[in-house]
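The values are calculated or read from the model by the stated rules, or taken from the named source; none is laboratory data. Note that the structure is a prediction, hence the values are computed from the model and not measured. Counting neighbours? That spans all protein chains shown, and the Cβs are built from the backbone with ideal geometry, glycine included. Side chains included, ligands, DNA and RNA excluded: accessible areas come from the protein's heavy atoms. Shrake-Rupley method; radii C 1.70, N 1.55, O 1.52, S 1.80 Å.
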Amino acid sequence: MSEFTHRPVLLGECMEALNIRPDGVYFDGTLGRAGHSREIARRLTTGRLICVDRDQAALDAARERLAPWMDRVELVHSNFDRVDEILDRLSLPGVDGMLFDLGVSSPQLDDGSRGFSYMADAPLDMRMDQEEGLTAAEVVNGWPQEELRRIISRYGEERYAPQIAGAIVRRREDKPVSTTLELVEIIKSAMPGKALREKQHPAKRTFQAIRIAVNDELASVERMLQRAVPRLNRGGRLAVITFHSLEDRIVKTGLAEFARGCTCPPDFPVCVCGRTPDIKLVSKKPLLPSRKELEENSRARSAKLRVAEKL
């Protein structure tokens, strides 16, 4: 499948959720392959689209993919959790819609040299932004055993986290772990035979955990929500796509908090807190990929889209 026929996850659902106006201002906080951005940009006339990515390679590639609409597009090299700083820099008090696709972009996974994949041998890197300091090698070789166990258990939801953390520490005492396939072998050595025979690759959960730690992904999602909602114009929509339960829980909880109204005890005759909701949830349950999309794109399998509207 070529890059230009690549179908972004939940594309139609996202476009409907954003309710795009031709003269509106929109913010795509996770540009990636620019699939969502292309669909937003082509719907604009006098409007504006801000495209953000941590990966400079994604921004460079987007110049070609978004070439027909670059008169209405602004490319920004930054992390999506700096949404307020980005909008301040562009002198934009608010926007009419924001989209965040929290999946790791396919080019990063496909580029074996970036160290995200457990299928190709590469230096242990896993940085989404190559200008950031912390690498997977530093996590694997420098973090204490208990911290490794914690992140592998929490971020990877890996039941063999204690054994894997112990195996990593024992191996690095002899020499540093330097490549992805070295790490894969260590992970496999710590797991029982039945786990190695499971359909899912035995290293998948641990690699996910280390990637999340390197890129501070969960804290970034929390910061993004706190900074994004206040910068939506009235009637503006926020759409967030998640791919695993940890992210989805953060988004669900964060949006629910913004959607809360009065917090006074039920027995109070009148409200004294004065709190009103900032947003309304467009649907209480997340939107899921259609059967057709799942047949065409296996990457969509775990995707969930949550949408809120600014009041």
Screening L102, L109, L49 for residues that are closer than 26 Å to A300 by Cβ, in contact with a Ser or Thr (Cβ under 9 Å, 6 or more places away or on another chain) and modelled with pLDDT of 95 or more leaves only L49
Among the residues in the stretch 202-224, are any at negative phi, modelled with pLDDT of 90 or more, in contact with a strand residue (DSSP E or B) (Cβ under 7 Å, 6 or more places away or on another chain) and open to solvent by 10 Å² or more (accessible area, probe 1.4 Å)?
no
Residue pairs qualifying under the 6 Å Cβ cut-off, at least six apart or on distinct chains, with the first in the stretch 137-156 being basic (K, R) and the second being part of a helix (DSSP H, G or I), are R149/A161; R149/P162; R149/A165
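If the requirement is being free of Cβ contacts under 8 Å to residues at least 12 places away in the same chain, part of a helix (DSSP H, G or I) and not acidic (D, E), which of these qualifies: K194, K199, K252, K188? Show your work before the answer.
Details: K199 fails: part of a helix (DSSP H, G or I); K252 fails: free of Cβ contacts under 8 Å to residues at least 12 places away in the same chain; K188 fails: free of Cβ contacts under 8 Å to residues at least 12 places away in the same chain.
From the options K194, K199, K252, K188, the qualifying one is K194.
Being open to solvent by 30 Å² or more (accessible area, probe 1.4 Å) and either in a loop (DSSP other than H, G, I, E, B) or not basic (K, R) (or both): is that true of G156 here?
Working: open to solvent by 30 Å² or more (accessible area, probe 1.4 Å): no; either in a loop (DSSP other than H, G, I, E, B) or not basic (K, R) (or both): yes.
Judged against the criteria, G156 is not a match.
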D129 passes all but one of (1) at pLDDT below 95; (2) among the acidic types (D, E); (3) touching a helix residue (DSSP H, G or I) at 6+ places or on another chain (Cβ under 7 Å); which number fails?
(3)
Name the single residue, out of those in the stretch 291-311 being modelled with pLDDT under 95 and not in a helix (DSSP H, G or I), that is nearest to A256 (Cα to Cα).
S302
Please indicate, with yes or no, whether at least one residue in the stretch 64-81 is in a strand (DSSP E or B) and of a type in the set (V, I, T).
yes
Of residues in the stretch 273-283 being surrounded by 11 or more Cβ atoms within 10 Å (Cβ to Cβ) and assigned to a loop (DSSP other than H, G, I, E, B), the one farthest from the chain's Cα centre (by Cα):
C273
Are there any pairs with C-beta distances below 9 angstrom linking a residue in the stretch 160-177 that is farther than 13 Å from E146 by Cα to a residue that is open to solvent by less than 90 Å² (accessible area, probe 1.4 Å) and among the acidic types (D, E), with the two at least 6 apart or on different chains, and if so which?
R171/E182
